[in-house]
Each structure stands twice: as C-alpha cells, then as structure tokens.
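Below is one structure; the comments refer to it alone.
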Amino acid sequence: MKAKTISALCVIIIAFAGYLLTGCASGHKQFAYVVGQGTNEVFEFLVHADGSLQPLGTPNFPAGSDAVAVAPHTSGQFLYVANFAGNDITELDINKGNGELSVPVSNSIVVSTNPPNIFGADIGPVSLAMSPTAPFLFVANQTSGDISAYTVDPGAGGLGTVQNSPFLITPATNPSALAISPKGNLLFTANAAQGTVAVFTIDSNGQLAAVAGSPFSAGAGSAPGAIAVDPSGRFLYVTDKAHNAVVGFAIQSNGTLTSINGSPFATGALPAGLAIDPEGALLYTANSGSNDVSGFAIDPNSGTLGALNGSPFPTGGIGPSGIAVNSNTSVVYVTDQGTHDIAALAISSGGGLKPVTGSPFGVATAATQITLVSR
C-alpha cells in the first residue's frame, strides 16, 4: 500500500492499492461505456492498467432513440441506458470476459416486453441510478417532471414497475439528474429550471415519499445540474452552471438538507459533470465552458471543499461534460463533447491531474456521459 497526501483546506490521508485498477490483481478487468448526442449507440472501451482506453471489437452498440445516460447494475452484469426521445430504458448484458455488450435473450419479469430489453419510462428520461443496497432502478423523467421506479430481476436484469410509479416531484419540477445515498434510503434530484434539490425516502418496496421541506433551494438564480453523494452519505454536492460553482449540503438524519459552510465553491466556467472518488476525499467537476476540470479536497468532518493545487486542469479537448473516477482513485475520465473524445487524467499524489499517454481518446459521438464497470 502507498499513501497519498491531499493538501488544501485540510490534510487527508488516503490509502491506495499498489495496482491501478480495482480487482486487476485477482484477474478482473475494467471497461468504460459512453453515450453522446446525435447517436443512438453505446460506445465500449477496455480500460488498460495505465489508464489508457482501447475501443472494443464492437465499439458502437445500438441502444435507443437519443441515448443520454448510462448506469450499471451493482453486480456489473448489466448496463441500463436512458433514451430521451424514445421515452424508454434499454437493458444490455455486459460480457464478463471482454466487456462487450449484447441484448439479453429473455427476462423473467411477470409482464414480458418485446423486444425483451426495452422498458417504458415516462416522458424525457434523462438520468438513472441503481440502488446500491436493493434491487431498484430509478429514472428521472425531465419532461414529465417525475421519477420512474423499477424492481430489478437479480438474475436476468429485467425491469418491473414499482407500485404507484412514476412518482411526481411537487411542486412541479424538471429533474436534470439524480443520485442515491450509499445506504439506499434516500434519493435526490437536481432540478435545474427551478433551482432546487428534491429529496425522497426509499422504502423496502421501492416506494418514494418526499421528506419534510423538500424541495430545497440551491440558491437564488441557481441552476443545479450534476449531483453526487459522498461515500459516507453525509454530504451532497450539485453543480451550478448559473454561478460557475458547486453547491454543498449536509444531509441530516431525516433527509433534510442544510448548507455546508463556505458553499457555494467556485469552479471553472459552466460545470456540467461531477464525480467524487471512492474514498470520499476528492471531488472533480467537468467544466464545459472553460475546457478543464476543477479539483477539490473534501474536508471529512465538515464537507467543505478546498481547491487542489494547480486546479483547474485542462482536458485537452473542448466541451467537457461527463466525468468519472476509477475504482481506486488513480484516473479521472472526462467526455469532451465538442471534440468527440475522452480525456484520461492520472491523479497525482496531491490530487492534481495529468494526461495519461495517448489522451484524449477519440469516440465517434459528441460524448456526454461515461460510466466505468469492473467485471
């Protein structure tokens, strides 16, 4: 093991594995999946030990109409794709050996679908998230202003509708993104047009109920976009394009949100994507207006963000949008929408970012979101 020290407002010691990708020592592989505007496909990549990306044999797998978001099953066996124009969700199998995607032959849900891997949502699905603790998938429908909830078959990955789904967000909102707490008991939506964050409890049947006081303001004139919960489940962060900032909240035991001291925290121009490393020590934003990544250290006690030395860090492309940190906090991946590529940025001992050899890596779409899966 080797230690890395992060210096900003505080000093945080993080334990890192001696190898680059989680599971590599035991024979596991890591894969990246990307969607983008203008194509109805998912682009597949093998992630090498040095952080570089290699397109798989079939890099553009058909998804649905206007694929805008992707999320894996917690097992890594399945990938779910939100199709904004199709008003549906596509389920795909992930091959354990080579990471390539395929259409499931069948599923075991009570109400069968044809084709068997397409499941109806409400209008304008734009974001999705899998519960980390229970077999539920949730989808934010931007146009209809609600959340679709599904039960997930653990064997085949098929989706069944949770009773009373979809769940309206009141007062009327248009969610842009959602996130789930590590315990799987709370769901959060960022509502850009209304400048709010809505919070729901998730019961054992997947039912949603708004917590007292929801939705919560992200600030006057704000435009919450990307959203993420830290691994401890104590802090919530959302990007705010209107003020070029990250807004931070402390999550109370009843799910209500209170502002973190010092919030909002300045980023580069037009932050579009947000990612927190698995240890909960680092936060990064993809800034679409300044073509760079802002990096912060997260104070483990207060949730306050401190800018990393050298931040922001250029991606080498234009229009950063989606962002993800790999499973052992060694590489950050950023989709550059304007230049149709993916930046792979190695994380230094101080949390700073430097391109890996070969970065950025081309992708045949205006890439908007990326997810990483270990198999």
Pick from Phe78, Phe61, Phe45: which is out of contact with any helix residue (DSSP H, G or I) (no Cβ under 6 Å at 6 or more places or on another chain), at pLDDT below 95 and of a type in the set (A, V, I, L, M, F, W, C)?
-> Phe61
Taking Thr315 as the residue in question, decide whether it is at pLDDT below 95 and either surrounded by fewer than 18 Cβ atoms within 10 Å (Cβ to Cβ) or under 21 Å from the mean Cα position of the chain (by Cα) (or both).
-> no
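For Ala140, are the conditions met, namely being farther than 26 Å from Phe200 by Cβ and touching a strand residue (DSSP E or B) at 6+ places or on another chain (Cβ under 8 Å)? Outline the logic, then answer.
Details: farther than 26 Å from Phe200 by Cβ: no; touching a strand residue (DSSP E or B) at 6+ places or on another chain (Cβ under 8 Å): yes.
Criteria not met by Ala140.
For segment 14-21, state whether one or more residues are open to solvent by 70 Å² or more (accessible area, probe 1.4 Å) and modelled with pLDDT of 90 or more. Working first, answer last.
In the first step, residues of segment 14-21 are kept if they are open to solvent by 70 Å² or more (accessible area, probe 1.4 Å); the result is 18-20.
Next, from what is left, pick out any that are modelled with pLDDT of 90 or more: none.
No: segment 14-21 contains no residue that is open to solvent by 70 Å² or more (accessible area, probe 1.4 Å) and modelled with pLDDT of 90 or more.
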From the set of residues in segment 182-196 that are assigned to a strand (DSSP E or B) and open to solvent by 10 Å² or more (accessible area, probe 1.4 Å), which is farthest from Ile118 (Cα to Cα)?
-> Thr196
Single unsatisfied condition, Ser165 versus (1) surrounded by 19 or more Cβ atoms within 10 Å (Cβ to Cβ); (2) touching a Pro at 6+ places or on another chain (Cβ under 8 Å) = (2)
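Of all the residues that make up segment 125-146, how many are open to solvent by 20 Å² or more (accessible area, probe 1.4 Å), closer than 17 Å to Gln194 by Cα and more than 14 Å from the chain's Cα centre (by Cα)? Walk me through it before giving the result.
Initially, segment 125-146 is screened for residues open to solvent by 20 Å² or more (accessible area, probe 1.4 Å), giving 126, 130, 132-135, 142-144.
Subset that is closer than 17 Å to Gln194 by Cα: 126, 142-144.
Narrowing the set further to residues that are more than 14 Å from the chain's Cα centre (by Cα) leaves 142-144.
Number satisfying all stated conditions: 3.
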Condition test on Phe265, is it surrounded by 20 or more Cβ atoms within 10 Å (Cβ to Cβ), closer than 22 Å to Val229 by Cβ and touching a Leu at 6+ places or on another chain (Cβ under 6 Å)?
-> yes
Within segment 329-343, of all residues that are free of Cβ contacts under 8 Å to residues at least 60 places away in the same chain and crowded, with 19+ Cβ neighbours inside 10 Å, the one farthest from the chain's Cα centre (by Cα) is Thr339
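Inside segment 207-250, can you point out the residues that are more than 18 Å from Ala129 (Cα to Cα), in a strand (DSSP E or B) and small (Gly, Ala, Ser)? Lay out the reasoning, then the answer.
Step one: list which residues in segment 207-250 are more than 18 Å from Ala129 (Cα to Cα), which gives 211-223, 234, 240-250.
Filter once more, so that each one left must be in a strand (DSSP E or B): 216-217, 240, 245-250.
Passing the criteria: Ser217, Ala245, Gly248, Ala250.
Given the criterion open to solvent by 30 Å² or more (accessible area, probe 1.4 Å) and assigned to a strand (DSSP E or B), identify the matching residue among Ala367, Ala346, Ala324. Talk me through it step by step, then tell me what you get.
Details: Ala367 fails: open to solvent by 30 Å² or more (accessible area, probe 1.4 Å); Ala324 fails: open to solvent by 30 Å² or more (accessible area, probe 1.4 Å).
Result: Ala346 is the single residue among Ala367, Ala346, Ala324 that is open to solvent by 30 Å² or more (accessible area, probe 1.4 Å) and assigned to a strand (DSSP E or B).
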Within the group Ala281, Ala266, which residue is of a type in the set (Gly, Ala, Ser) and out of contact with any Pro (no Cβ under 9 Å at 6 or more places or on another chain)?
-> Ala266
Flagged in segment 220-240 as more than 20 Å from Ala71 (Cα to Cα), touching a residue at least 40 places away in the same chain (Cβ under 8 Å) and open to solvent by 30 Å² or more (accessible area, probe 1.4 Å), in numbering order, are Ser232, Arg234
Within the set of pairs 6 or more residues apart or between chains, which connect a residue that is over 19 Å from Ile347 (Cβ atoms) and of a type in the set (Val, Ile, Thr) inside segment 39-57 to a residue that is part of a loop (DSSP other than H, G, I, E, B) and open to solvent by less than 20 Å² (accessible area, probe 1.4 Å) with Cβ atoms less than 7 Å apart?
-> Thr39/Thr365
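The values are calculated or read from the model by the stated rules, or taken from the named source; none is laboratory data. This is a predicted model, so every value here is computed, not measured. We place every Cβ from the backbone using ideal geometry, glycine too, and count neighbours over all the protein chains shown. Side chains included, ligands, DNA and RNA excluded: accessible areas come from the protein's heavy atoms. Shrake-Rupley method; radii C 1.70, N 1.55, O 1.52, S 1.80 Å.
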